[in-house]
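Chemist: Have a look at this one.
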Amino acid sequence: MKLYILNGPNLNMLGIREPSHYGKTGYSELCDMIKKHCTSLGIEAVLYQSNHEGELVDKIQEAYYEGADGIVINPGAYTHTSIALLDAVKSVQLPTVEVHISKVEEREDFRQVSYIRLAAVKTITGHGVAGYTEAIDFLFDYLKK
Ligand code: DQA
C-alpha cells in the first residue's frame, strides 16, 4: 500500500506557529512520526509539504501516476479557498482523508468552508498531530475492505 501525505502552506512552521492551535510538534518530528507509523503497517509513505497551490496540485496528480492507493492531506489555508485542490482530488479519484490539526469548526467563520471536504472520504479535525496517524489507520482499513 502506498499513501501520499500532503501538507499545505505554513505547515512547515509547525512547532513555531501558533502553538495554542497547532501544538509544539515540529514538521520534521511529524514526518518522523508518520514514517514510523507507516513502516509499522507496511505502508510506503510519500511525504510532501508546499506553500504553493500548484505544487500541491502537481503532487496530487503525481500520486495517481505513481500508483498511490490513497492520500492524506492537510491543505492548510487552501482548504478554505482552493477549488483547484478539490478538482485535483476529484480528478485522480483516490480515497482522500482531510486532516486539520486544530478544531477548525470552533474557529473563525472563514475557516468554516472546506472545498476539499466535498471530495474527502473522511475529515479529521482537532486531534492535533495524532490526526495524521488516525487518517492513515482509516485509509489502511478502508483500502483493505
Ligand atoms: C489547518 C487549519 C487551517 O484553517 C489553517 O489555515 C492551517 C492549518 C489545521 O491543520 O488546523 O494552516 O489546516
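The values are calculated or read from the model by the stated rules, or taken from the named source; none is laboratory data. Treat the numbers as computed from the prediction; the structure is a model and nothing was measured. A quick note on method: Cβ atoms are made from the backbone with ideal geometry, for glycine too, and the neighbour counts reach across all protein chains shown.
Chemist: Scan Ile34, Ile5 and give me the residue that is assigned to a strand (DSSP E or B) and touching a residue at least 12 places away in the same chain (Cβ under 8 Å).
Modeler: Ile5
Chemist: Ok, one more. Considering only residues that are near the ligand (Cβ under 10 Å from one of its atoms), surrounded by fewer than 19 Cβ atoms within 10 Å (Cβ to Cβ) and either assigned to a loop (DSSP other than H, G, I, E, B) or under 11 Å from the mean Cα position of the chain (by Cα) (or both), which ones fall in region 71-101?
Modeler: Selection gives Thr81 alone.
Chemist: Run Tyr64 past the list (1) under 12 Å from Tyr4 (Cβ atoms); (2) away from the ligand (no atom under 15 Å from the Cβ); (3) within 15 Å of the chain's Cα centre (by Cα) and report the number of the one that doesn't hold.
Modeler: In the conditions (1) under 12 Å from Tyr4 (Cβ atoms); (2) away from the ligand (no atom under 15 Å from the Cβ); (3) within 15 Å of the chain's Cα centre (by Cα), Tyr64 misses (3) alone.
Chemist: Report yes if Ala45 is in contact with a helix residue (DSSP H, G or I) (Cβ under 8 Å, 6 or more places away or on another chain) and more than 16 Å from the ligand (Cβ to nearest atom), otherwise no.
Modeler: yes
Chemist: Then there is this: Identify the residue in region 39-70 that is in a helix (DSSP H, G or I) and touching a Gly at 6+ places or on another chain (Cβ under 9 Å) and, among all such residues, is farthest from Thr81 (Cα to Cα).
Modeler: Restricting to residues being in a helix (DSSP H, G or I) and touching a Gly at 6+ places or on another chain (Cβ under 9 Å), the top hit is Ala63.
Chemist: Would you mind stating whether Ala119 is at pLDDT 95 or above, of a type in the set (A, V, I, L, M, F, W, C) and out of contact with any strand residue (DSSP E or B) (no Cβ under 9 Å at 6 or more places or on another chain)?
Modeler: No, not satisfied.
Chemist: Any idea how many residues of region 111-125 are buried (at least 17 other Cβ atoms within 10 Å of the Cβ), of a type in the set (Val, Ile, Thr) and more than 16 Å from Ser91 (Cβ to Cβ)?
Modeler: 3
Chemist: Out of Glu106, Glu53, which single residue is surrounded by 14 or more Cβ atoms within 10 Å (Cβ to Cβ), out of contact with any Lys or Arg (no Cβ under 8 Å at 6 or more places or on another chain), of a type in the set (D, E, K, R) and under 22 Å from Pro9 (Cβ atoms)?
Modeler: Glu53
Chemist: Hey, another quick one. Gly42 passes all but one of (1) more than 21 Å from Arg17 (Cα to Cα); (2) small (Gly, Ala, Ser); (3) within 15 Å of the chain's Cα centre (by Cα); which number fails?
Modeler: Condition (3) is where Gly42 drops out.
Chemist: Look at Ile124 and say whether it is within 13 Å of the ligand (Cβ to nearest atom), within 18 Å of Lys2 (Cβ to Cβ) and either in contact with a Phe, Trp or Tyr (Cβ under 9 Å, 6 or more places away or on another chain) or assigned to a loop (DSSP other than H, G, I, E, B) (or both).
Modeler: no
Chemist: Could you check region 3-29 and list, in sequence order, the residues that are surrounded by 15 or more Cβ atoms within 10 Å (Cβ to Cβ) and more than 11 Å from the ligand (Cβ to nearest atom)?
Modeler: Residues satisfying the conditions are Leu3, Tyr4, Ile5, Leu6, Gly15, Thr25, Gly26, Tyr27.
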